[in-house]
Amino acid sequence: MSVTFTWLGHSAFLFDIDGRKLLVDPFLTDNPLAAMNADEIEAEAILVSHAHGDHVGDTVAIAERTGAVVVCNFEMGNWFLNQGVENVAQGNPGGTYDGGFFKAKWTIAHHSSSFPDGTYGGQPNGFIITAGGKKMYFAGDTALFMDMQQIGAVRLDVAFLPIGDLFTMGIDDSIQATKWLNPQHVVPMHFNTWPPITQDVVTWADRIHRETSASPVVFDPGGSFTL
Ligand code: NI
Ligand code: MN
């Protein structure tokens, strides 16, 4: 069993789990760093962390074309159903969705969540994804929170953390998050997409090396890593 993930830019990732595809926060159209076109993506499931446009992105179009199940919280799921998405799996923090080739457990995130049209999107989430024998934590957009210690109590193979600051935690808090989560690998996201969230990822990776026991995984959009 193996898990390979590809960074599509911003917080969008495509997971290949023994040949089956799981997509997360597919913001591609209008994403200056997008590594793929929404039209060319195949996926069986799409996890969406919260309702902001830079996370919902192309979810509706991809779900309609591929028939992928959209996994999200209750309020977002109702919005997707109203948009014509047929296959929606709704949950909330503490719950786990079993997608067969993966499981996704909703976690809390400290952030906000409304759709670009103003519709309330419920509580924002992260996900603990179990697949291919690996445990992965996708933080979504969030501030640092102490429950990350509990999320890290299972041995995480990888954590995906925002580092862009301003709308989410920045570099300092991502270092503390990495200490609490204690994953084997840590992947930065939600930075450099636009000038307000510019970060020096080389400095970040150096600090991860020196201050935590995790290995930083840094690549350009389009880059892949196999666990
Ligand atoms: Ni957001
Ligand atoms: Mn965001």
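Return the total of residues in the range 179-200 being in a helix (DSSP H, G or I) and within 12 Å of Pro162 (Cβ to Cβ).
Looking only at that region, the number is 1.
Within the range 115-140, the set of residues being touching a strand residue (DSSP E or B) at 6+ places or on another chain (Cβ under 6 Å) and within 16 Å of ligand 2 (Cβ to nearest atom) comprises Gly121, Gly122, Asn125, Gly126, Phe127, Phe138, Ala139, Gly140.
Any idea which residue in the range 5-22 is nearest to the chain's Cα centre (by Cα), counting only those that are part of a loop (DSSP other than H, G, I, E, B) and within 16 Å of ligand 2 (Cβ to nearest atom)? Checked the range 5-22; the qualifying residue nearest to the chain's Cα centre (by Cα) is Ser11.
Entry remark, the range 29-57: residues being touching a helix residue (DSSP H, G or I) at 6+ places or on another chain (Cβ under 6 Å), within 16 Å of ligand 1 (Cβ to nearest atom) and of a type outside the set (Ser, Thr, Tyr) number 2 in total.
Among the residues of the range 109-119, those that are more than 16 Å from Gly77 (Cα to Cα) and surrounded by 18 or more Cβ atoms within 10 Å (Cβ to Cβ) comprise Ala109, His111. Every condition in (1) open to solvent by less than 10 Å² (accessible area, probe 1.4 Å); (2) out of contact with any Leu (no Cβ under 9 Å at 6 or more places or on another chain); (3) not basic (Lys, Arg) is met by Phe102 except one, and the failing one is (2). Here Phe13 qualifies as in contact with a strand residue (DSSP E or B) (Cβ under 8 Å, 6 or more places away or on another chain) and closer than 24 Å to Gln199 by Cβ.
Filtering Ala131, Ala139, Ala159 for residues that are within 16 Å of ligand 1 (Cβ to nearest atom), under 30 Å from Asn78 (Cβ atoms) and hydrophobic (A, V, I, L, M, F, W, C) leaves a single hit, Ala139. Taken over the range 14-43, residues that are open to solvent by 10 Å² or more (accessible area, probe 1.4 Å) and within 14 Å of Ala131 (Cα to Cα) amount to 6.
Criterion applied to Gln90, Gln123, Gln149 was being of a type outside the set (D, E, K, R), under 27 Å from Asn182 (Cβ atoms) and in contact with a helix residue (DSSP H, G or I) (Cβ under 6 Å, 6 or more places away or on another chain), and the one residue passing it is Gln149.
The values are calculated or read from the model by the stated rules, or taken from the named source; none is laboratory data. This structure is a prediction, so every number in the text was calculated from the model and none was measured. Cβ sites come from the backbone with ideal geometry, for glycine too, and all protein chains shown count toward neighbours. For accessibility, only protein heavy atoms count, side chains too; no ligands or nucleic acids. Shrake-Rupley method; radii C 1.70, N 1.55, O 1.52, S 1.80 Å.
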